[in-house]
Amino acid sequence: MGRITRLKFMRGVSPWAFLAPALLVFAVFKFWPTLYGMFLSFFNVRPYLGNQWIGFDNFTRAFNDPTLFAATWHTLLDAAVTVAASMLIGFFLALLLEGPTLHLRIVRTAAFLPVVTAMVVVAQLWDVLLYPGQYGAVNSVLGAVGVGPQGFLSDPNQALGSVMLVQIWKSAPYDMVIFIAGLAGVDRQLYDAADIDGASAWQRLRYVTIPALRPITTIVLTLGIIRGLRVFTEIFVLTNGGPAGSTETIVTFLYKAGIENNKLGYASAISTMLLIATVVLTCLNLWWRARKDRS
Amino acid sequence: MSTTKTALGIRMPSPRLLRGKIARGVLYLLVLAVFLVPVWSMVATVFSGIPMKSGEISLFPLDFTFNNIIQAWNFGVAVGLFNSVVVVVIGLALQLTVSSLAAYSLARKKFRGMSVVMVLILATMMMPEEVIAIPLYLVLGQIPAPTESGSLLNSFGGLILPLVGWALPIYVLTGFMRNIPLELEESARMDGAGDFRIFWKIILPLCKPALGTCAVFGFLMIWDQYLLPLLVAQTPAKYTLTLIVTSLQSSQELGEGVRLAAALILMVPGVIVYLILQKFFERGLLGGSLKG
């Protein structure tokens, strides 16, 4: 090979040489399982006996499964409440704790602890704190203000709400940091202009800060919804879907169907539907953002 | 302006400002009570020697002891910690290597198929890993490997390899490398340096801040893994620390101190990494999300 052709060849090959390791791990551990899962959705998966083609049966079954329906409802409710509450609390924390002074930095770092703490640890901690007896930490605090002991995670009416509290405790500070970044990006001159116009603190917030934070709010919202749909660890550790199925979510249901009950084809069909839902949500979000950018 | 003179001529904050200051102080204390006190009570309970009933915690380390830590250590935390450290060290090294190589190509080269690769990789960012957990488990069981199980199940390979490909560091590093001036690279090319040399000697050292960001996020992502080890690790010898911590949850007779001790050991490395690399973390959160 002449030098020139070799150089040309190298130029053509090297981008792929650099990409090869990444493409390999993505192909084997992301794309292939995705496609394989879609493929298995149409089968009754029977280890050792061979898979049996059953068409759309797994999907029809999923649409008629009351447990899955309840799990989907819990997941959506959980996502909606925790996303909204985390954003609201995160926003107020950001307003309260934004600033360069040392004591603000200290409070901020403390508030940020839950974010860098593994979900498993958070779940263990709150499992102890939310102990249903009157000696439980949270019940002692409630007792001090005259409220009787609550069941929390052991009460079917309170379990989902209790899990949400734990999730909000971990995600509100996360949203806070993103909002603080947004606040730092607000044009200071707008504040000065508002002051000159004699705007009150509330008006300044309503007409300057909140509109300026709109793009970041969209990001926090998207991240939150994706976080919400995939909820697994905290539920699995805190309640394992119980009591009486009151905290079953899509992914805990998936785990039980696929791993504990070995209905792998059925679990794959649900995974496929969840994947389609995620893709549709993402596309809607992109389309919505593109449309807003144009207008 | 906002101060009033007292009779003695001491400048005092006006009553309105003072009220605002007190209100803020109360709110700070409330924030600390909500976010710090639970974590603090965990630490205090772990180092308390007095026996606790279920659900009881301590606000101060009464009768200071290391007993809970020692018990937790002997009940699997030692093995779990070892496994988790192996997974996070090898996993993070591979993740950063693979991501920076891919990012160099995506940031600096123009080639046919580039946009397809970009879209495919970014698409996985929107796809929660939980969604493919079940088929991934089956795939891991099919890949032959020189392990006891004959596949990647119940092996370090199965615990590590699925975490190596992650879209976030590729995205962050690609964005960062695009902003490195081309002239630096061109002059090296004049001197006869090849692609890999340029990547290794010029681009990578300039990427240190971005690599720091990716290291924090990658560390926390790998360290927190729960569903993957739950599927892959089938014998306690391969349990990661997250699995050990939840397995202690069901051993009620050990008491709250022991399981919280295991949880604390799981928590500390994450907090340390965050405190050391705090500026990278915040920058990454902002940079990544602002562009996202």
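We did not get these values from a lab; they are worked out from the coordinates using the rules stated. Computed from a predicted model, the values in this text were never measured in an experiment. Cβ placement follows ideal geometry from the backbone for every residue including glycine, while neighbour counts extend to all protein chains displayed.
In table form, for the structure just shown:
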{"item": "Helical contribution to [θ] at 222 nm, DSSP H n ≥ 4, -39,500 (n - 2.57), averaged over the protein assembly as shown, rounded to 500", "result": "-21500 deg cm²/dmol"}
{"item": "Estimated distance in nm for a label pair at B:ILE272 and B:ALA78, the labels positioned 7 Å out from Cα along Cα-to-Cβ", "result": "1.9 nm"}
{"item": "About the Cα centre, charge dipole magnitude for the range A:65-294 (Lys/Arg +1, Asp/Glu -1 at Cβ), debye", "result": "500 debye"}
{"item": "DSSP H segments from chain A that extend 18 Å or more along their own axis, Cα-based, with Kyte-Doolittle mean of 1.6 or above", "result": "A:66-97"}
{"item": "Footprinting exposure proxy for A:ARG46, A:ARG230 (fewest neighbouring C-beta atoms within 10 Å first)", "result": "A:ARG46, A:ARG230"}
{"item": "Amide H partners (placed H, <5 Å) of A:PHE43, local residues excluded", "result": "A:ILE54"}
{"item": "Computed label-point distance, nm, for sites B:SER251 and B:GLN142 using a 7 Å Cα→Cβ extension", "result": "3.8 nm"}
{"item": "Estimated distance in nm for a label pair at A:HIS103 and A:CYS283, the labels positioned 7 Å out from Cα along Cα-to-Cβ", "result": "5.4 nm"}
{"item": "Cβ-derived FRET efficiency at R0 35 Å, B:TRP200 paired with A:ARG46, nearest 0.05", "result": "0.10"}
{"item": "Most fluctuating residue given options A:ALA84, A:ALA17, A:ALA111, as computed from a GNM of chain A linking Cα atoms under 10 Å", "result": "A:ALA17"}
{"item": "Under Karplus coefficients 6.51, -1.76 and 1.60, residue-wise ³J(HN,Hα) of the range A:241-249 in Hz, glycine/proline x", "result": "x, x, x, 6, x, 6, 10, 4, 10"}
{"item": "Cβ-based charge dipole, the range A:65-294, positive-most Cα from A:THR218, A:GLY133, A:LEU286", "result": "A:LEU286"}
{"item": "Sites A:TYR191 and A:ALA80, calculated FRET efficiency, Cβ-Cβ separation with R0 41 Å, nearest 0.05", "result": "0.80"}
{"item": "Only Lys, Arg (+1) and Asp, Glu (-1) charged, at Cβ; the range A:1-158 dipole about Cα centre in debye", "result": "1240 debye"}
{"item": "Candidates B:TRP73, B:TRP166, B:TRP40: whichever shows maximal mean-square fluctuation once chain B is modelled as a Gaussian network with Cα springs under 10 Å", "result": "B:TRP40"}
{"item": "Translational diffusion of the protein assembly as shown, µm² s⁻¹ [Kirkwood Rh, Cα pairs; Stokes-Einstein; 25 °C; 0.890 mPa s]", "result": "93 µm²/s"}
{"item": "Residue of B:GLY194, B:GLY141, B:GLY76 that the Gaussian network model of chain B assigns the largest fluctuation, springs spanning Cα pairs under 10 Å", "result": "B:GLY194"}
{"item": "Cβ charges +1 (Lys, Arg) and -1 (Asp, Glu), total dipole of the protein assembly as shown, debye", "result": "2080 debye"}
